[in-house]
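Report on the following structure.
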Amino acid sequence: MIFEELKEIELSGEKYPIKCDLLVLEQLQEEFGSVADFENKLLGIEYLKDAEGEYIRDKEGKRKANIGIPDTKAINKGLYLMVREGLEIKGGAADGKTLSREGLLRKVDKSYTEISKIVHEAFAECFEGKNGKATQGTN
């Protein structure tokens, strides 16, 4: 079997593998409508619309947006799904216990903007070129 080294995130002194792949993207799409909508929420981007619900555009035709604070639901959902996927790839939690969403989120000891950045980096890696190694075993 060929395995890619998984990135890790440290929360309250414990390290967890973190992985965004097609399985995670599918779940994020189901939750947020599209992976683009998830990313916008993760980054705090809100596109402006007029009274008719149409996007407001600048002179060059680009959508205007407000940049605010990241959406907590997007951060929490992304973090949990990516850590859960990392654990699945590695064969489960090292201590044999299952990791609940609430249990993981209670371990977060970083600012939510820092967690948002970490989750976004893992998300962005899904769209970069593959290095030829699978994260999951090949048969």
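Only the coordinates and a few stated rules stand behind these numbers; no lab work does. Everything numeric here is computed off the predicted structure, so don't read it as measured data. Ideal geometry is used to build each Cβ from the backbone, glycine not excepted, and the neighbour counts take in all protein chains shown.
Assorted remarks:
- The aspartates and glutamates whose alpha-carbon is closer than 14 Å to the alpha-carbon of residue 62, local same-chain residues fewer than 8 away aside, are 46, 54.
- Net +/- balance of residues flanking residue 56 in space, Cβ distance below 9 Å, scoring K and R +1, D and E -1: +1
- In plain terms, the chain from residue 69 to residue 100 could stretch by 8.6 nm, reckoned as 0.36 nm per residue minus the Cα-Cα distance.
- Checking the cross-link pairs 19/107; 73/107; 19/64; 7/64 against a 27 Å limit on the alpha carbon distance flags 19/64; 7/64 as lying beyond it.
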